[in-house]
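Here is the structure we will look at, set down as structure tokens.
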Amino acid sequence: MARDNSPKIRQRAQLERKQTQRASYDRVLIVSEGSKTEPLYFKEIKNAHRLQTANVEVHPSALGTEPIQVVRYAKQLFEAGDPHKRVRARAFEKVFAIFDRDEHKTYFDALKLAESLDGKLRNDVKQPVEFKAIASVPCFELWLLLHYEDIRHPLHRDEVLTRLKQHIPSYDKGAGGSFSTTRGSLDIASQRARNLAALSTAFDDTEPSTDIVELVALLIAFGK
């Protein structure tokens, strides 16, 4: 049988080889509560900074949107992998579970579970794995709002969305484009988020905070 050397076949083969190539930085698995907003945001960062797919995987939770389900799915996906998602088992140095405070009943349980898993799992080269919860109080959109406002007091998620839409009228959950829209103010947002971190943590319940800043900083550092 003659080998198919059509441009489309060659292009597909080149893409598959590129996707399986690893860069020198850590392999990262990101699992999110949201099915669109957070995955699209972090995939935008991947594309903007040309991060290898083999090093950075982003997937929504397949077990549900409760924080405890997000953490459990992150553990499950790390340990078992998923051939349908082309995720290999234990093929990461870092695992991050992203979820919001909102009114979730399992929020604190999820924080504690993630904390208990940190450094306890082993990857495919027998190294201990960093396992972190990336929580936002009250919601992911607080991180986006910090690009425009210096927030220092508790806000309900509805107020966060209302104020964010004053700056980005077209903003809609799952619409995409959030990173490209806000990246010009990334430095000021990062400083504001770190100022909040000095005042409170994810365990402080109603006080505004977001760990998104740390994950964004890590990914951007990979691309330098």
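Against the condition of a type in the set (Val, Ile, Thr), more than 19 Å from Ala48 (Cβ to Cβ), under 19 Å from the mean Cα position of the chain (by Cα) and modelled with pLDDT under 95, how does Thr201 come out, does it pass? Spelling it out, Thr201 is indeed of a type in the set (Val, Ile, Thr), more than 19 Å from Ala48 (Cβ to Cβ), under 19 Å from the mean Cα position of the chain (by Cα) and modelled with pLDDT under 95. Go through (1) among the polar types (S, T, N, Q); (2) touching a strand residue (DSSP E or B) at 6+ places or on another chain (Cβ under 6 Å); (3) farther than 23 Å from Val58 by Cβ and name the single condition Thr162 misses. (2) is the only condition that Thr162 fails. Elements of the type strands (runs of 3 or more DSSP E) sitting completely within the stretch 26-112 and holding at least 3 residues that are out of contact with any Gly (no Cβ under 6 Å at 6 or more places or on another chain), of a type in the set (A, V, I, L, M) and at pLDDT 95 or above: these cover 28-32, 94-100.
One residue stands out among those in the stretch 147-172 that are loosely packed, with under 14 Cβ neighbours inside 10 Å and in contact (Cβ under 8 Å) with a residue 24 or more places away in the chain: the one that is nearest to Ala197 (Cα to Cα), which is Arg152. For Val87, the conditions (1) within 19 Å of the chain's Cα centre (by Cα); (2) β-branched (Val, Ile, Thr); (3) buried (at least 20 other Cβ atoms within 10 Å of the Cβ) all hold with the exception of (3). Please verify whether Lys173 is in a loop (DSSP other than H, G, I, E, B) and at pLDDT 95 or above, treating the condition exactly as stated. Answer is no for this residue.
The values are calculated or read from the model by the stated rules, or taken from the named source; none is laboratory data. What you see is a predicted model; the values in this text were computed from it and never measured. Methodologically, a virtual Cβ is constructed for each residue, glycine included, from the backbone with ideal geometry; neighbour enumeration extends over all protein chains shown.
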